[in-house]
Amino acid sequence: MTFLQILWFILVAVLWAGYLVLEGYGLGTGMLLRIIGKTDDERGQMVRAIGPHWDGNEVWLLTAGGATFASSPEWYAVMFSGMYIALFLVLLCLIGRIAAIEWRNKVDTLQWRGTWDTIQTIAAWLVPVLLGVAFGNLVAGMKIIVADPKTPFTEVGPENVDIANAGMSQIHSFIGLGEFPFSQLVSLLIGGSGFAILGGLVIASLSLVQGANFLALKTDGAVQERAVALAPKLGLVSTVLTAVFAVWGTFAFKGAGFLFALVFLVVAAVCLIVSLLFAFKGASAKAFTFNSVAIAMSVAWVFAMLFPNVMKSSIDPAYSLTIAQSAASPSTQIVMTVAAIILVPIVLGYTIWSVYMFRARISVAPAGGLEPGKIREGANFLVG
């Protein structure tokens with residue numbers, strides 16, 4: 001492995017951490033939409049709290065996918081083919097969530113807004129669960145084989161794997177559970193004997209805590225009071241789930257990055273406990289900060305558990321795809337590094353600027369939109 005290969009492995013981890021920290025509060029707000037928001041106006045208040053931020057936060061997800069494709073093309077190919085259905089569902093959910101946020105106030109009826117609130121709630125729950133399942137499979141390993149390109153679903157045998165040239169003379173393939181419909185998704189859900197499902201619950205619980213703390217900081221009135229009261233309860237659940245997931249994964253699926261994983265595990269545990277203590281005291285800003293660090297450390301733990309692989313095989317370690325095997329050419333990674341040095345500070349600066357500019361609390365306000373009686377028959381707000 002070269003320095004640039006390891007650097008981009010770390011940078012991809014940073015991008016995923018940035019996405020889950022920032023979009024965690026947006027998804028968490030959507031998950032809590034009908035739990036904390038008791039009226040239509042309160043739900044509108046919650047949606048407006050994330051309104052200035054959600055699209056900027058999505059940049060981190062797009063960049064994480066793009067960076068994976070450019071820096072480690074075979075990693076991208078194996079991961080996105082092996083998780084195709086799950087990631088396609090994530091994409092559909094994100095599209096539905098975008099529509100729910102942007103179109104909620106286009107028509108002034110309770111039924112219209114209620115429909116979009118329901119869509120946003122469902123999407124906000126599914127995205128972190130599916131992403132957590134994906135992370136769980138990365139740690140536990142997936143049904144990956146090494147095959148000859150001429151017969152991509154026939155394994156060559158662990159003893160015949162060409163370690164130095166795997167990815168060129170041989171390819172890595174995900175075989176799942178067979179060819180019946182949704183076999184790929186079922187294979188992901190049962191990955192690691194339930195470990196993957198637990199991963200989904202962990203990411204969902206961390207997002208719930210992030211959303212509750214965010215609402216406590218960004219709203220006022222009844223919504224803020226409920227968020228402050230709910231945050232420590234969610235924090236307790238999140239801390240327990242994360243602890244079980246991390247301890248189980250660290251000792252059941254340990255690899256070369258075991259010591260680093262232990263360090264990240266300890267830091268994440270401390271941050272979760274501190275966040276929980278601040279939540280009980282009603283110190284939402286500090287609770288939000290430490291929960292954010294815990295999420296980042298959890299992502300770091302996942303990547304430490306992967307190292308030196310990018311995709312682990314649950315069939316045989318010889319079939320695992322390593323950082324070196326999946327990496328793009330040195331010239332490609334040099335160009336990407338220069339671009340990252342220029343663009344990453346811009347993205348960070350924009351994120352910090354937007355949080356500062358929209359730091360004011362959001363109050364309850366009447367919803368707007370077109371009056372149904374004034375919408376021409378056969379027309380809609382998309383075409384006029």
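Between Asp316 and Val266, what's the calculated FRET efficiency when r is the beta-carbon distance and R0 is 30 Å? Round to 0.05.
It comes out at approximately 0.45.
Quickly work out the Lys38-to-Arg361 label distance, labels modelled 7 Å from Cα along the C-beta direction, and quote it in nm with one decimal.
1.8
Calculate the FRET efficiency for Trp353 and Phe251 from the Cβ-Cβ distance with a Förster distance of 45 Å, rounded to the nearest 0.05.
Numbers: r = 43 Å, r/R0 = 0.95.
Result of the calculation: an efficiency of 0.60.
Regarding the chain, what's the average projected area of the Cα-atom convex hull, expressed in nm²?
20.9
If the reach is capped at under 24 angstrom between alpha carbons, list the lysines near Lys218, excluding any in the same chain fewer than eight residues apart.
Lys38, Lys106, Lys233, Lys281, Lys286
How many Å² of accessible area per residue for the chain, probe 1.4 Å? Please list the in-between numbers first.
Working: 17360 Å² over 384 residues.
Per residue, the chain has 45 Å² of solvent-accessible surface.
Calculate for the chain the 222 nm mean residue ellipticity that helices alone would give, adding -39,500 (n - 2.57) per DSSP H run of length 4 or more and normalising by residue count, nearest 500 deg cm²/dmol. Provide the component values of the computation, followed by the final result.
On the way: 14 runs with 265 residues, N = 384.
After summing the helix terms and dividing by the residues of the chain, the value is -23500 deg cm²/dmol.
Considering only protein heavy atoms, with the full assembly of protein chains and a 1.4 angstrom probe, order Phe258, Phe214, Phe80, Phe358 by accessible area, largest first.
Largest to smallest exposure gives the sequence Phe358, Phe80, Phe258, Phe214.
Take every DSSP beta bridge whose two residues both sit in the range 1-354, then give the antiparallel share in percent to the nearest 5.
80
Suppose R0 equals 56 Å. What FRET efficiency, 1/(1 + (r/R0)^6) with r the Cβ-Cβ distance, do Lys106 and Leu259 give to the nearest 0.05?
The calculated FRET efficiency here is 0.55.
Rounded, prolate or oblate: which one fits the range 175-305, using the alpha carbon gyration tensor with axes a ≥ b ≥ c (rounded when a/c is under 1.5, else prolate when a/b beats b/c, else oblate)?
It is oblate, given that a/c is not under 1.5 and a/b is not larger than b/c.
Which far-off residues, 5 or more places away or on another chain, put their amide H under 5 Å from the one on Ile362, with H placed in the peptide plane?
Thr219, Asp220
Out of the total accessible area of the range 277-337 (probe 1.4 Å, heavy atoms of protein only), what percent is carbon and sulfur?
73
Ranked highest first by average number of other Cβ atoms within 10 Å, how do 84-92, 339-347 line up?
My ranking of the peptides, most packed first, is 84-92, 339-347.
Please list, ordered by chain and number, the residues whose modelled amide H lies under 5 Å from the amide H of Met142; skip anything fewer than 5 residues away on the same chain.
It is Lys312, Ser313, Ser314, by chain and number.
I'd like to verify something in the chain: which complete DSSP H helices, judged by Cα projection on the helix axis, reach 15 Å or more and average at least 0.0 on the Kyte-Doolittle scale?
Span-like helices, by this rule, are 3-31, 54-71, 84-103, 110-140, 195-218, 221-252, 258-281, 284-306, 330-357.
Would you mind computing, in nm to one decimal, how far apart the modelled labels at Val335 and Leu236 are, each placed 7 Å from Cα along Cα→Cβ?
Between Val335 and Leu236, the simple spin-label model gives 5.5 nm.
So who's got an amide H within less than 5 Å of the one on Val107, skipping anything under 5 residues away but keeping other chains? H placed 1.01 Å off N, in plane.
Leu370
The values are calculated or read from the model by the stated rules, or taken from the named source; none is laboratory data. As the structure is a computational prediction, the values presented were derived from the model and not from experiment. Glycine gets a Cβ as well: all are built from the backbone with ideal geometry, and neighbour counts include every protein chain shown. The protein model used for the area step is the full one, side chains on, heavy atoms only, and it has no ligands, DNA or RNA in it. Shrake-Rupley method; radii C 1.70, N 1.55, O 1.52, S 1.80 Å.
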